[in-house]
2 protein chains.
Amino acid sequence: MAARLLIVEDDPALAELLVWHFEAEGYDVTQTADGEEALLLAAEQTPDAIILDWMIENISGIEVCRRLRRASETSNVPIIMLTARGEEEDRIRGLETGADDYVTKPFSPRELIARMAAILRRSRPALAGKTLKVEDLELDPIAHRVRRSGQEVPLGPTEFRLLQHFMERPGRVLSRGQLVTGVWGHDSDIEERTVDVQVKRLRAAINAPGGKDLIRTVRSAGYSLG
Amino acid sequence: MAARLLIVEDDPALAELLVWHFEAEGYDVTQTADGEEALLLAAEQTPDAIILDWMIENISGIEVCRRLRRASETSNVPIIMLTARGEEEDRIRGLETGADDYVTKPFSPRELIARMAAILRRSRPALAGKTLKVEDLELDPIAHRVRRSGQEVPLGPTEFRLLQHFMERPGRVLSRGQLVTGVWGHDSDIEERTVDVQVKRLRAAINAPGGKDLIRTVRSAGYSLG
DNA sequence: ACAAAACTGTCATTTAAGTGTCATAGTCGA
DNA sequence: TCGACTATGACACTTAAATGACAGTTTTGT
């Protein structure tokens, strides 16, 4: 499962360079030069990270950043800002607007790639192959295995994706709608009640009968893990 | 609940500067000059983030970083590396070793603080100032949890919304009419007396029996919190 | 390619939790 | 003290979630 990346850059040469490098790293890359289009694409695909040039057509990068943060679908997507300016004031403004990192031109693709890896490691550890842990539950995304207090737990594909989704956001309450789009995909026309059923199956799988339930039901809001 | 920070820095002047700044920002700071000690402190306190100088006594910063990542207690704690060298090669090595971010000396405290905020926003949303607090009452809208002096309080959906409404406007007197439209919605045709009942239920939930009542009744005006 | 096994989504039903209203008792302030 | 306002307990009613069954799909092993 490759990480999806949205690159918003209007210099064609630089854009091509970035696309080339990130595709070579195994990312699934989408690119646009236009700010408005970037917002649409981001809302539609919810990429795993966004690279955003400060100065782009139509809207300023910082405005795009602000709007990405405001939209609920994209409010948690990490953003790396790209800029020609090196002034500290701008760097701080970028970070305060909600960018996660900031790279100053000229930069080497290797550095940008390293920063991207660092950011993804933090926001989507599973994509970086890191084992996710919540209390005595462990999920190894590479081996595709789950253990509860050391004991292996067999899960079906949907259960696994659902659990991974929860474990990437421990403690957070996720609504049925969020779970449907996050686990089944944006375009899925799944009944929301189906989430209940999968949660029940996941519970049955990961909880020892009579033991502590790691999934919390939050009435009229959704579910959360841990 | 302030975020706990471990600063590993052996230049006394710089260390003092950092401690001062981060404490002023409200962080709970521990500092050490020694790499081995840093590992012990980290394992013992599991801070919410670590600032780590590249060149420190005993072990190199990069080795400390590697070991922090290997230990299960600290493998998920975000690390910001601090370095005098500006060479790209080192920056990349730092990031690849598992640092989450990288700041080159000389840097301004403001920038470091902004980066720290960006990192915490992602790893610990609750610590990035998103939780609402009034006296010893805390409400975390993301996790959908409420605690009174550290002790979790179970609330029903309406009670939760009502409390959130109060906590977003601490100290302010809200009329029953305002509460109805704010909590139940503009188009709701709820009896105003119903507010009394929900306030009673909320009180019963958040106040220890016999303890201090955080909700004040303002006769012929409404209610206020705190 | 085929059959068995595993997995999914949906629905009807059961169970649980939460909510609004009202009648009544209690409280506060002029 | 009186009258207006608020607190409280009971209760019927809604709403939400858990569950069990089942038919249709997909996957797997042979």
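Computed from Cα atoms, the angle from the helix B:35-45 axis to the main principal axis of chain B rounds to 20 degrees. Under 5 Å from the amide H of residue B:29 lie the amide H atoms of B:5, each residue being 5 or more positions distant or on a separate chain, with H modelled from the backbone and absent for Pro and chain starts. Roughly how tilted is helix B:157-167, in degrees to the nearest 10 and between 0 and 90, from the longest Cα axis of chain B? For B:157-167 against chain B, the angle is about 70 degrees.
Distances between copies at residue A:213, taken between label points 7 Å from Cα along the C-beta direction, are 3.4 nm in increasing order.
Each principal axis of segment B:111-226 carries a Cα extent, and these read 51, 36, 23 Å when sorted largest first. Annotation: amide H of residue A:57 within the under-5 Å range of A:35, sequence separation 5 or more or interchain, hydrogens built in the peptide plane.
Residue by residue along B:94-101, Cβ atoms of other protein chains within 10 Å of the local Cβ number 5 on average.
The relative contact order of chain B comes to 12 percent, based on Cα pairs under 8 Å that sit 6 or more residues apart. Computed over segment A:130-226, relative contact order equals 27 percent, with contacts defined as Cα pairs under 8 Å that lie 6+ residues apart. Please identify which residues in segment B:48-71 have an amide N closer than 13 Å to a label point set 7 Å out from the Cα of residue B:11, following the Cα→Cβ vector. Within reach of a label on residue B:11, which here means backbone N under 13 Å from a point 7 Å along Cα→Cβ, segment B:48-71 contributes B:53-56. Loop-located trypsin sites (Lys or Arg not before Pro) in segment A:22-93 (DSSP state not H, G, I, E or B) with no more than 14 neighbouring Cβ atoms inside 10 Å: A:85.
Reported to the nearest whole Å, the Cα centre-to-centre distance from segment B:51-71 to segment A:20-43 is 35. Each other copy places its own label point for residue A:59 at 4.6 nm from this one, sorted shortest first, where the point lies 7 Å along the Cα-to-beta carbon line. For segment B:145-171 versus segment A:74-144, the inter-centroid distance based on Cα atoms is 33 Å. Sorting A:116, B:167, B:55 by the number of Cβ atoms found within 10 Å of their own Cβ, with the fewest placed first, yields B:55, B:167, A:116. Pick out, from A:132, A:207, A:184, the residue whose Cα sits farthest towards the positive end of the charge dipole of chain A, with +1 on the Cβ of Lys and Arg and -1 on the Cβ of Asp and Glu. Going by the charge dipole, the pick is A:207. Helix B:12-24 axis versus longest C-alpha principal axis of chain B: approximately 10°, rounded to the nearest ten.
Expressed as a fraction of 2.2 N^0.38 Å, the C-alpha radius of gyration for chain A is 1.11. Sorted shortest first, the distances from the residue A:226 label point to those of the same residue in the other copies are 2.9 nm; each point sits 7 Å from Cα along Cα-to-Cβ. As a ratio to 2.2 N^0.38 Å, the alpha-carbon radius of gyration computed for the protein assembly as shown takes the value 1.06.
Every number in this text was worked out from the coordinates using simple rules, so none of it is lab data. Please read all numbers here as calculations on a predicted model, not as lab measurements. All Cβ positions, glycine included, derive from the backbone under ideal geometry; neighbour counts span all protein chains shown.
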